[in-house]
Amino acid sequence: MNVTLRAVRMAWGAAALLVAGSGAHAQSPAEFYKGRNVSLVVSASPGGGYDSVARVVARHLGRHIPGNPTIVVNNMPGAGGVRAPNHLYSVAEKDGSVIGLMQNTVPFEPLVGNTAAMFDPRKFGWLGSPSHETGVLMVWRTSPARSIEELQTTQITVGVEALASTPAFSARLLINTLGLKLRLVPGYPGSSSALLAMERGEVDAFPNFYSSLMQTRPTWIAEGKTTIAVQWGPSREAALGNVPYLSDIVTEPRKKALVEAASAPLALGRPFMTPPDLPPERLAALQQAMSATFVDPVFAEDARKIGLADLAPRTGEDLARIVEQVYRAAPEVIEQLKSLATGQ
């Protein structure tokens with residue numbers, strides 16, 4: 001075969017590949033998703049609050065996506081929650097066949113200098129969240145200290161996952177703003193194992209979300225097994241009654257600014273997202289489907305059964321705006337957030 005003929009055939013082959021690729025992207029969302037499995041990657045271990053939310057969303061989301069795909073939950077814990085978003089950012093298919101649910105402090109890990117977090121959260125396709133979260137410090141009934149006043153003078157142990165995990169971040173926030181004497185004990189693979197450690201007497205406390213507590217241990221407060229020493233987040237949790245609210249207690253301006261910035265993860269709630277660079281029409285279809293799921297009465301009933309009784313959905317645009325605001329925060333606030341994330 002002469003050189004000219006070979007070159008012509010290679011050019012035709014390249015053109016055919018381009019046509020095929022453009023044809024794939026030209027599929028409507030319904031054509032793309034019909035008969036397909038969509039992987040929902042969760043940055044937490046099975047059995048905890050994030051896993052519970054992922055599975056109830058997975059049962060309903062496919063009905064609202066054009067083509068009605070099946071949503072398959074895949075747990076990918078590790079590295080303090082950054083393993084899953086790293087995977088979605090650099091490895092996962094960017095065609096709409098993979099979505100994610102990450103721990104809500106994880107979008108800010110690159111900002112605070114976590115070199116293991118190899119992603120830019122502003123480039124993810126944010127889908128939405130079923131509600132915001134309220135942080136709570138759960139203290140076991142046998143702890144030597146249970147109130148804020150007692151915890152300011154008596155040290156207790158707090159079970160956490162990695163030192164860069166959401167519970168560790170929350171514990172440092174309380175240490176920094178209230179002067180609580182909390183000693184972090186890392187090494188628990190997820191919230192379920194940390195709660196079991198409390199029951200066994202290995203640790204005294206665990207910083208959790210109120211919704212997670214209601215999903216995994218809904219009777220603990222009523223049975224007196226745990227006390228909620230303090231709550232924090234974008235707003236009070238009405239069900240907690242007179243439990244002290246961090247934003248009311250902290251009045252010193254520097255610490256108050258830190259509380260506000262540190263509450264941004266809780267404003268994200270349980271954030272669902274996609275890898276970067278999805279075809280725009282598929283991203284829009286997923287965003288619309290997520291919003292439709294969160295107002296679906298059948299979903300709301302299932303969510304209530306796992307403790308998500310008070311849904312307050314946020315859109316993908318809401319989540320993107322919250323992330324962007326924190327990344328534009330004043331340098332001194334970012335430095336304080338770094339201290340919370342690293343403990344230095």
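Here, each number is a calculation from the coordinates, and none is a lab measurement. Note that the structure is predicted; figures quoted are calculated from it, not measured. Ideal geometry is used to build each Cβ from the backbone, glycine not excepted, and the neighbour counts take in all protein chains shown.
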Give the residue list of chymotrypsin sites (Phe, Trp or Tyr not before Pro) in segment 243-344 that are DSSP loop and have at most 10 other beta-carbon atoms within 10 angstrom.
none
Cα long-axis angle, helix 3-25 against the chain (0 to 90 degrees, to the nearest 10)
50 degrees
Provide the three semi-axes, in whole Å and in decreasing order, of the ellipsoid equivalent to segment 64-209 as defined by the square roots of 5 times the Cα gyration tensor eigenvalues.
33, 16, 14
Burial order of peptide ranges 30-42, 54-66, 100-112 (average beta-carbon count within 10 Å, highest first)
100-112, 54-66, 30-42
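Hey, what does the equivalent ellipsoid look like for segment 135-265, semi-axes from the Cα gyration tensor as sqrt of 5 times each eigenvalue, largest first, whole Å?
Details: eigenvalues 88, 52, 43 Å².
After scaling each eigenvalue by five and taking roots: 21, 16, 15 Å.
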Hey, what D do you get for the chain in µm²/s if you plug the Kirkwood alpha-carbon radius into Stokes-Einstein at 25 °C and 0.890 mPa s?
116 µm²/s
Could you tell me the distance between the Cα centroids of segment 291-309 and segment 116-152, to the nearest Å?
22 Å
So if I place +1 on the C-beta of Lys and Arg and -1 on the C-beta of Asp and Glu, and nothing else carries charge, what would the dipole magnitude of the chain be about its Cα centre? I want it in debye, nearest 20.
560 debye
Highest GNM mean-square fluctuation among 219, 227, 166, for the chain with Cα springs under 10 Å, belongs to 219
Mind checking the angle between helix 49-64 and the chain's longest principal axis? C-alpha axes, 0 to 90 degrees, to the nearest 10.
40 degrees
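Would you please name the GluC sites (Glu not before Pro) within segment 222-294 that are DSSP coil residues with at most 14 other C-beta atoms within 10 Å of their C-beta?
Loop-located and lightly packed - 223.
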Eight or more residues apart or on different chains, and alpha-carbon atoms under 24 Å: count the Lys pairs in the chain matching that.
10
Residues of segment 116-143 with backbone N under 15 Å of the label point set 7 Å from the Cα of residue 324 along Cα→Cβ are 121-127
